[in-house]
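Peer 1: The structure that follows is given in the form of structure tokens.
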Amino acid sequence: MDTPSLRNLDRGGIYVFWWLNDSPDSFQPLFAPDCTRTYSVKGKKAVGEDASDAYHSVEIEWTDAWLTQYQGHIPLYVGKSADSILKRMALHLQIHQAKYTEKTTSDQLRRGMERLFQSHANTADIIVNHVDFSYIPLHGLEHVVNRFYLEDYTIGKLMPLFNVDIER
């Protein structure tokens with residue numbers, strides 16, 4: 001994937017992070033032993049007398065069939081920003097940290113990479129070597145509705161791996 005022009009990255013819009021599939025061994029890390037393609041996500045709060053702090057657990061597995069359904073790059077995450085795509089993407093990447101441990105609502109890409117590569121020493125290296133992005137600038141109040149629906153449409157169309165959101 002060609003690196004997009006940096007023009008308009010300081011403005012609002014939607015963006016997609018992609019796992020690059022641009023060489024015969026691009027998928028190798030996803031099929032390597034240190035890639036954990038199954039993980040649990042905390043779901044809806046359990047109801048009942050014994051379940052005061054209990055939550056349902058939902059297992060997500062990225063099977064070979066799911067990964068190989070993509071003919072090109074694999075969509076990892078779709079997001080939007082009203083003010084600055086660049087600032088929002090920097091929060092996702094946390095690239096200055098070798099191992100990322102915090103949990104916020106703005107780090108879905110990095111958290112997803114940590115889930116996939118739990119035993120890898122430095123997921124930042126994996127991101128630098130295998131992940132790129134594309135974006136559509138849609139800045140300003142006049143594009144609030146466009147950003148909202150285009151993000152939802154893109155998530156539904158691409159089915160990115162790290163946009164799985166559990167109902168609560």
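Peer 1: Counting just the residues of the range 113-146 that are outside any helix (DSSP H, G or I) and free of Cβ contacts under 8 Å to residues at least 60 places away in the same chain, which one comes out surrounded by the most Cβ atoms within 10 Å (Cβ to Cβ)?
Peer 2: The first filter runs over the range 113-146 and keeps only residues outside any helix (DSSP H, G or I), leaving 117-122, 131-140.
Among the residues that remain, those that are also free of Cβ contacts under 8 Å to residues at least 60 places away in the same chain are: 121-122.
Working: A121: 10, N122: 12.
The qualifying residue surrounded by the most Cβ atoms within 10 Å (Cβ to Cβ) is N122.
To keep it simple, each residue is scored yes or no on (1) modelled with pLDDT of 80 or more; (2) within 16 Å of L109 (Cα to Cα).
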position	(1), (2)
L6	no, no
D10	yes, no
F17	yes, yes
Q28	yes, no
G43	no, no
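Peer 1: Looking only at the range 153-168, count every residue that is loosely packed, with under 13 Cβ neighbours inside 10 Å and not in a loop (DSSP other than H, G, I, E, B) and tell me the total. Steps first, answer last, please.
Peer 2: The initial filter retains those residues of the range 153-168 that are loosely packed, with under 13 Cβ neighbours inside 10 Å, namely 153, 156-157, 165, 167-168.
Those left that are additionally not in a loop (DSSP other than H, G, I, E, B): 153, 156-157.
The qualifying residues number 3.
Peer 1: Here is a follow-up. Can you say whether K80 is at pLDDT 85 or above, part of a helix (DSSP H, G or I), open to solvent by 70 Å² or more (accessible area, probe 1.4 Å) and not acidic (D, E), as far as the supplied structure shows? Please lay out each step first, then the result.
Peer 2: Details: at pLDDT 85 or above: yes; part of a helix (DSSP H, G or I): no; open to solvent by 70 Å² or more (accessible area, probe 1.4 Å): yes; not acidic (D, E): yes.
No; evaluated as a whole, the condition is false for this residue.
Peer 1: Give just the number: which of (1) modelled with pLDDT of 85 or more; (2) loosely packed, with under 14 Cβ neighbours inside 10 Å; (3) more than 16 Å from the chain's Cα centre (by Cα) does K87 not satisfy?
Peer 2: Unmet for K87, out of (1) modelled with pLDDT of 85 or more; (2) loosely packed, with under 14 Cβ neighbours inside 10 Å; (3) more than 16 Å from the chain's Cα centre (by Cα): (3).
Peer 1: Cβ-Cβ below 7 Å, separation at least six or inter-chain, first residue in the range 52-70 and open to solvent by less than 50 Å² (accessible area, probe 1.4 Å), second basic (K, R): which pairs?
Peer 2: W62/R37
Peer 1: Filter the range 90-112 down to the residues that are modelled with pLDDT of 75 or more and surrounded by fewer than 16 Cβ atoms within 10 Å (Cβ to Cβ) and list them by number.
Peer 2: Matches in the range 90-112: A90 only.
The values are calculated or read from the model by the stated rules, or taken from the named source; none is laboratory data. Quick caveat, the model's predicted, so the values are computed rather than measured. Cβ: placed from backbone, ideal geometry, glycine included. Neighbour counts: every protein chain shown. Only protein heavy atoms, including side chains, enter the accessible area calculation; ligands, DNA and RNA are left aside. Shrake-Rupley method; radii C 1.70, N 1.55, O 1.52, S 1.80 Å.
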